[in-house]
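A short write-up of the structure that comes next.
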Amino acid sequence: DQQVKQNSPSLSVQEGRISILNCDYTNSMFDYFLWYKKYPAEGPTFLISISSIKDKNEDGRFTVFLNKSAKHLSLHIVPSQPGDSAVYFCAASGETDSWGKLQFGAGTQVVVTP
Amino acid sequence: KAGVTQTPRYLIKTRGQQVTLSCSPISGHRSVSWYQQTPGQGLQFLFEYFSETQRNKGNFPGRFSGRQFSNSRSEMNVSTLELGDSALYLCASSRSLAGGVTDTQYFGPGTRLTVL
């Protein structure tokens, strides 16, 4: 049962433009959401997170938006850079008795072109 | 501050063998979680350890086990390896804040296990 969904397997964006990655979830118990970036043969690198008490969190070029009523979050990267080319995963936690457990989406491959 | 380290980085085993993977968390982090990443299933939670106790377990067979030591280092073991166990095994550490507040997990580079 996939509780976190990233419906776009890939995204191509020009350098300098905005990248928008989307994520939907089904479990209303989730209260903490994270975005990770992953290069091949490496572990995921934490990018940014948001608690369910907020609807926006910003860190440099990265902004995460949370719409609880729609059970939807998005990651905006502005401006996109070639080094941003990677797979991006959204993750969620906060279920009952979910110690140390993140539920991950399937990932979105981002390619930033010159 | 050093990040999460995992050893070995690459491992090749044959069916029926067993394997032990090691994870050293970030200094001060007491929680260690393990995940399996495969192309078909994505990132799947295996289990989590805190203060040498398994607090949570995912839906994996009993062949997958783990433990945590008093210095928070953790090991996971897979016995009677199957071809389908070929995957990238990732560990992540977090501070595990009091009161059950959700905390950010930081991942190691992973161990790539190939079962022949």
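Of the conditions (1) over 14 Å from the mean Cα position of the chain (by Cα); (2) part of a strand (DSSP E or B); (3) of a type in the set (A, V, I, L, M, F, W, C), B:Leu81 satisfies every one except a single condition; which number is it?
Answer for B:Leu81: the failing condition is (2).
If you check every pair at least six apart or on different chains, which have Cβ atoms under 8 Å apart with a residue in the range A:26-45 that is under 23 Å from A:Val111 (Cα atoms) first and a residue that is surrounded by 13 or more Cβ atoms within 10 Å (Cβ to Cβ) and among the charged types (D, E, K, R) second?
Between residues of the range A:26-45 that are under 23 Å from A:Val111 (Cα atoms) and residues that are surrounded by 13 or more Cβ atoms within 10 Å (Cβ to Cβ) and among the charged types (D, E, K, R), the close pairs are A:Lys37/A:Asp84; A:Ala41/B:Arg112; A:Pro44/A:Lys37; A:Pro44/A:Lys38; A:Thr45/A:Lys37; A:Thr45/A:Lys38.
If you check B:Phe50, B:Phe60, B:Phe64, which single one turns out to be of a type in the set (A, V, I, L, M, F, W, C), touching a Ser or Thr at 6+ places or on another chain (Cβ under 7 Å) and over 15 Å from B:Val4 (Cβ atoms)? Spell out how you get there, then give the answer.
On the way: B:Phe60 fails: touching a Ser or Thr at 6+ places or on another chain (Cβ under 7 Å); B:Phe64 fails: touching a Ser or Thr at 6+ places or on another chain (Cβ under 7 Å).
Of B:Phe50, B:Phe60, B:Phe64, the one residue that is of a type in the set (A, V, I, L, M, F, W, C), touching a Ser or Thr at 6+ places or on another chain (Cβ under 7 Å) and over 15 Å from B:Val4 (Cβ atoms) is B:Phe50.
Just need a number here: residues in the range A:92-112 that are at pLDDT below 95, in a strand (DSSP E or B) and more than 7 Å from chain B (Cβ to nearest Cβ).
Residues meeting the conditions: 2.
Go through (1) more than 9 Å from chain A (Cβ to nearest Cβ); (2) under 15 Å from the mean Cα position of the chain (by Cα) one by one and return the number of the condition B:Gln41 breaks.
(2)
Could you tell me whether B:Phe50 is modelled with pLDDT of 95 or more, surrounded by 15 or more Cβ atoms within 10 Å (Cβ to Cβ) and of a type in the set (Phe, Trp, Tyr)? If you could, list the steps in order and put the result at the bottom.
Values: modelled with pLDDT of 95 or more: no; surrounded by 15 or more Cβ atoms within 10 Å (Cβ to Cβ): yes; of a type in the set (Phe, Trp, Tyr): yes.
Against the criterion (modelled with pLDDT of 95 or more, surrounded by 15 or more Cβ atoms within 10 Å (Cβ to Cβ) and of a type in the set (Phe, Trp, Tyr)), B:Phe50 does not qualify.
Which count do you get for residues in the range B:25-77 that are hydroxyl-bearing (Ser, Thr, Tyr), part of a loop (DSSP other than H, G, I, E, B) and under 17 Å from B:Ala92 (Cβ atoms)? Can you show your working first?
Filtering the range B:25-77 down to residues hydroxyl-bearing (Ser, Thr, Tyr) leaves B:27, B:31, B:33, B:35, B:38, B:49, B:51, B:53, B:65, B:70, B:72, B:74.
Still in the running and part of a loop (DSSP other than H, G, I, E, B): B:27, B:51, B:70, B:72.
Still in the running and under 17 Å from B:Ala92 (Cβ atoms): B:27, B:51, B:72.
Counting residues in the range B:25-77 that are hydroxyl-bearing (Ser, Thr, Tyr), part of a loop (DSSP other than H, G, I, E, B) and under 17 Å from B:Ala92 (Cβ atoms) gives 3.
Which strands (runs of 3 or more DSSP E) sit wholly inside the range A:1-66 and have at least 1 residues that are more than 12 Å from chain B (Cβ to nearest Cβ) and exposed (fewer than 13 other Cβ atoms within 10 Å of the Cβ)?
Numbers: elements: A:10-14, A:19-25, A:32-38, A:45-51, A:56-59.
Because the criterion is at least 1 residues that are more than 12 Å from chain B (Cβ to nearest Cβ) and exposed (fewer than 13 other Cβ atoms within 10 Å of the Cβ), the strands (runs of 3 or more DSSP E) in the range A:1-66 that meet it are A:10-14, A:56-59.
The values are calculated or read from the model by the stated rules, or taken from the named source; none is laboratory data. Computed from a predicted structure; not experimentally measured. As a convention, Cβ positions derive from the backbone with ideal geometry for all residues, glycine included, and neighbour counts pool all protein chains shown.
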